[in-house]
Structure formats: C-alpha cells, structure tokens
1. Can you compute log10 of I(q)/I(0) for the range 4-144 with the Debye formula, treating each Cα as one identical point scatterer, at q = 0.11 Å⁻¹?
2. How far is helix 93-114 tilted off the main Cα axis of the chain, in degrees rounded to 10, range 0 to 90?
3. Quick one: compute the contact order of the range 8-98, relative version, from alpha carbon pairs under 8 angstrom and 6+ residues apart, as a percent.
4. In deg cm²/dmol, rounded to 500, what helix-only [θ] at 222 nm does the chain give when every DSSP H run of at least 4 residues adds -39500 (n - 2.57) and the total is split over its residues?
5. If I fit a long axis through the Cα atoms of helix 272-289 and take the longest principal axis of the Cα atoms of the chain, what angle between them do I get, 0 to 90°, rounded to 10?
6. Fully extended, how many nm does the chain gain between Leu109 and Leu24 (0.36 nm per residue separation, minus their Cα-Cα distance)?
7. Over the chain, what relative contact order in percent results from Cα pairs under 8 Å that are six or more residues apart?
8. Describe numerically, in nm with one decimal, the distance between label points set 7 Å from Cα along Cα→Cβ at Met269 and at Thr232.
Amino acid sequence: MDMLVAGFWGAFFGTVALMLAGSLAAFARSLQRVALTAALSSLVSALFVVAYLGLLPIENPAHQSRFLAHVATFTSVVLGLMLLAMLGLLRDPVVAQRVRAVMVVVGALVLAFGWTLDAPESLALSSMLAFIVGAVMLVICIRSARRGDRLAWVAVTGVSFMLVAVSGLSWIALDREGAPWQVHALSALSGMAYLSTMATALWIRYSYLIELREVVIHGPSYDPITRMRSHTETGQMVGLAFFRQHEDATHPVGVIGIAIGNLYMLEKMHGRPALNHALFVCASRLRRCMPGDVEMGRLGEDGFLLLLRDAADMQRVVRLGRLVAERLSRPVKLSTSGAPADLEAGQAHWVAQVGVGVLATTAQVRPSAAVKMARAMARTAWSYASRVAWHDQALGEIAELPAADAA
C-alpha cells in the first residue's frame with residue numbers, strides 16, 4: 001500500500017476514531033442507546049474495511065477469502081438492521097422479530113451456499129449480498145422520505161455513499177494488486193462520508209429522546225428555554241448538595257453564580273423573542289463548556305447557578321469561573337421574531353453583560369446564604385474588568401479575581 005492510498009485510509013480510520021470518541025462522550029452523559037448505536041456502526045464498518053483491505057494476519061488467500069465472505073455477510077445484516085431501527089421501522093415487536101429472522105436466515109443461506117463454491121466465488125457472493133442489502137435499504141429510505149420522514153433523506157445520502165464504498169472495497173478485495181489508487185481514494189472518501197452522515201442521522205433520530213428524558217426527569221420544573229432546572233428545582237439541587245456535604249465535610253461545595261445584567265434592556269429594545277434566544281444561547285454555551293460533574297440550573301430570571309460537589313481544588317473552581325465569563329461574553333446575533341423562517345436570521349447584535357461569582361463553601365454555611373452570596377458576588381462582578389468576583393480569604397471580603405498569571 002503506497003503512501004497516497006495509506007493517507008486516504010488513515011483519514012477513514014481517523015473518522016472512525018472520532019465517531020468512537022463521540023460515542024464515549026454520549027455514554028458519559030448516560031445516553032447509552034446513542035453511544036451503543038454509534039460505536040457499533042463505526043466498529044462494524046471498520047472491521048469490514050480492515051478485512052477487505054487485507055490487513056488481517058491471514059496468509060492463505062483461500063482462507064482469507066472465506067473469512068471475508070463471513071465478514072461481508074455479518075456486516076450487511078448488522079448495518080441493515082441498525083438502519084431499519086434508526087428509521088423507526090422496527091418499533092412493532094412482531095415486525096422486528098420477523099425482519100431479524102429473515103435477515104439472519106438470508107445471511108445463513110448465503111454463507112451455506114458459499115461453502116459449495118470456491119473461496120473467491122464465495123467472497124463475490126457475500127459482497128453481492130452486501131450490495132443488495134444496501135440497495136434494498138436505499139429503496140426503503142427513499143420510500144420513507146417520500147412519506148415525509150426528513151431523517152430518511154439523510155439516510156438516503158448515507159446509504160448511497162455506503163454502496164459506493166462497498167463496490168470499491170469489493171473490487172479491492174477481488175483484485176488486490178490490480179485495483180488503482182483512485183478506487184482506494186473513492187472508497188475511503190465514501191466510507192468517511194457514510195460514517196459522517198450516519199452520525200448526523202443518529203443525532204437527529206435520538207436528540208428528541210434526550211430532550212424528552214430531561215422533561216420526564218424534571219417534570220413541571222423543567223425550563224424549556226434553557227433546558228435546565230427551573231429556579232425551584234435549582235433550590236432542591238442546592239439543598240441536596242449541601243446535605244451530602246454534611247455527610248462528608250472534607251469536600252466543600254463549589255458555587256458559581258452567574259448574573260446577566262442587560263437582559264431587561266434587551267427585552268425592552270427587541271422584545272421577548274430576543275430575550276428567550278439570549279437565554280437559550282447562554283445556557284447552550286454553559287452546557288458545552290462545563291465538565292460532566294458540574295450541576296447547572298436557573299437562578300432567578302437573569303442568571304444561572306453552577307455547583308461542584310467536590311471543590312477541594314479551588315483553582316479548578318476559579319478556572320471554571322474564568323471560562324464561564326469568557327464564553328458568555330462572546331457576541332451573538334439574536335432573532336427578534338418568533339417566526340420559524342426568521343429564527344436563524346439574527347438581526348440584533350448582543351453581548352451579555354456577564355458577572356460571575358466564585359465561592360467554595362463549608363458545611364457551616366446555610367445553602368440559601370451561599371446562593372445569595374454567590375449571586376451578590378456575580379452582580380458585583382459587573383463593575384470588574386475581569387467580570388469575575390471571588391471571596392478573598394486573606395482580606396475577608398469580595399474582590400476581583402486576580403489575573404490568570406497572578407493567581
């Protein structure tokens with residue numbers, strides 16, 4: 001394999017690694033179904049490519065062809081079933097059982113018939129099965145798309161790329177020395193496009209389940225604008241955190257209060273839709289930059305509250321406070337209309353007047369007092385250049401957080 005071909009396939013395996021990393025991130029957020037589907041899709045696809053490129057330690061050509069036939073059959077059955085499940089066509093248990101049985105039986109019959117053929121012919125038969133399954137899935141996706149399923153159009157694109165990749169890899173496997181580099185390049189690029197498209201489809205398919213899970217967990221206390229705990233639910237979150245602190249007083253609770261000073265003026269100038277858009281953007285930025293062990297919730301009408309149940313490392317709390325101030329202070333274009341066509345056409349340029357209060361509490365501090373202090377510190381931070389305030393233990397008062405190089 002020359003350097004150019006190796007570069008294309010290296011990019012493909014890099015895409016596989018990124019998809020696996022994304023699945024691990026989803027698993028860390030307790031999204032096991034999304035993580036399992038994404039990981040299985042990438043691993044099965046990678047197995048197919050590794051086998052068809054001849055990268056497995058199988059010296060005998062006949063044995064290698066036999067093994068590739070089994071890999072092709074297994075991959076086509078698994079990916080076909082996963083695609084049907086993603087499109088929601090296997091929700092009926094009876095239908096799902098029948099479809100799985102048919103797919104398994106067809107795969108077994110192809111393998112059984114392949115053993116009556118020579119090894120290269122068996123490989124060609126299984127490769128043909130993989131292409132046929134892909135073609136059938138493409139027809140199903142087109143039919144679903146024409147019935148109004150938007151996700152199916154994404155799947156149509158992905159399956160089309162998959163068919164190109166399967167065709168190219170079959171050529172490579174059957175004529176390993178004679179396949180030109182253009183076939184390798186087209187197959188690798190098609191495989192990358194397939195994985196990227198399927199990752200997008202998976203996220204579209206399951207994102208509403210993520211939203212639904214939050215609604216079910218928090219119920220009426222769920223804030224649909226910021227997709228966080230409401231003010232009432234935040235109070236319960238704080239109480240639970242401090243109750244656990246009494247059980248283990250060696251780990252203080254880190255409290256970060258966030259106050260946005262110009263939301264009222266934003267609503268007066270551009271209306272309620274702009275205000276809601278601003279809260280949505282701020283909450284989204286918080287979720288993207290905060291580690292998984294940080295709990296988040298609303299704090300009044302103009303702020304947020306972050307909790308770290310183990311704030312023994314005060315420097316980490318300070319770094320998070322600086323990160324929050326930096327991320328939320330970035331400018332944004334806000335929609336001033338609630339019409340669907342205008343949501344992505346930002347008309348109002350806005351920069352949040354952010355104030356951040358950083359506090360690490362002890363078991364002796366009442367939860368309500370800690371929250372009030374963090375909020376007061378955040379409002380005080382509006383007047384600081386750094387936009388971050390903390391409780392200076394040496395001075396015994398609220399002060400501006402020192403610069404990063406001086407802390």
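The values are calculated or read from the model by the stated rules, or taken from the named source; none is laboratory data. Just so you know, these numbers come straight off a predicted model, no measurement behind them. Note that each Cβ is placed from the backbone with ideal geometry, even for glycine, and that neighbours are counted across all protein chains shown. Areas reflect the complete protein model, heavy atoms only, side chains present, ligands, DNA and RNA absent. Shrake-Rupley method; radii C 1.70, N 1.55, O 1.52, S 1.80 Å.
1. The Cα Debye sum returns log10 ratios of -0.49.
2. Taking the Cα atoms of the chain, the angle to 93-114 is about 40 degrees.
3. After rounding, I find 19 percent.
4. Using -39500 (n - 2.57) per qualifying helix, the result is -22000 deg cm²/dmol.
5. Compared with the principal axis, the helix lies near 70 degrees.
6. 27.0 nm
7. 13
8. 3.4
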